[in-house]
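No value in this document is a laboratory result; all are computed from the given coordinates. Everything numeric here is computed off the predicted structure, so don't read it as measured data. When we count neighbours, we look across all protein chains shown, and the Cβ atoms used for this are built from the backbone with ideal geometry, even at glycine.
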Amino acid sequence: MAIALLLHLLAATLWVGGMFFALWILRPAALPLPLAERVGLWTRVLERFMVIVWGVVITLPATGYWMIFMGFGGMQGVGGHIRLMEGMGWIMIAIFLILYFRSFRPMQRMARELLIPETGLYIEKIRQYVRINLILGLVTISTAGAGRYW
Ligand code: HEM
């Protein structure tokens, strides 16, 4: 249980922390760069971050359901805050998959063809998905952590 919870917490921290850093720190800091440099920077940043997020979207449900079935005796043994987290988790994962296949992959194709404004448009779409997932992630962490005291 301890190892599963530890991996679960690390995965949630990397995902939500990474999205927070991207939107609130890196984005404003990168805005003054010329478009071509900014697009290049974001392409490299997103390619590295996506690898981490794939690990996260496998680790979170795997460790979560491990805890539920091995530690809490199945779904009937868990509180409402865990069911809420489960639901929010799947919504976040679905948004990530849409983002990945509908925006990130085309972004990579545009970047390979050196179509800078088109790449930038896909980066902007990714930003909108990430903004939604950041809000959901912060709400999920808050309800997951404080939910047991409700
Ligand atoms: C399929 C998705 C998920 C499942 C099945 C799941 C399940 C669980 C379970 C069983 C626990 C242990 C609760 C306890 O010890 O009382 C837990 C803890 C936690 N989960 Fe998830 N989770 C999922 C997704 C997420 C997501 C997406 C996040 C955040 C982005 C998240 C954040 C947390 C946090 C912060 C805790 C620690 C709560 C605490 O013990 O104080 N989980 N999760």
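Odds and ends about this structure:
- Size descriptors for segment 10-62 (Cα atoms only): Rg and Dmax, in that order, 12.7, 42 Å.
- Pairwise label distance in nanometres, residue 31 with residue 69, each label 7 Å out on the Cα-Cβ vector: 4.7
- Ordering 81, 8 by the number of other Cβ atoms within 10 Å of each residue's own Cβ, fewest first, gives 81, 8.
- Mean Cα-pair separation over length for segment 1-125, i.e. relative contact order, pairs under 8 Å, 6 or more apart, %: 33
- For the chain, the spread of Cα positions along the three principal axes, ordered from largest to smallest, is 53, 25, 22 Å.
- If the chain linking residue 10 and residue 112 were pulled fully straight, counting 0.36 nm for each residue of separation and taking away their Cα-Cα distance, it would gain 33.4 nm.
- Cβ crowding within 10 Å ranks 110, 70 as 70, 110, fewest other Cβ atoms first.
- Ellipticity at 222 nm from helices only: DSSP H runs of n ≥ 4 in the chain, each -39500 (n - 2.57), divided by the residue count, give -26000 deg cm²/dmol.
- Length available on full extension from residue 131 to residue 62: 0.36 nm per residue minus the Cα-Cα distance, which gives 22.4 nm.
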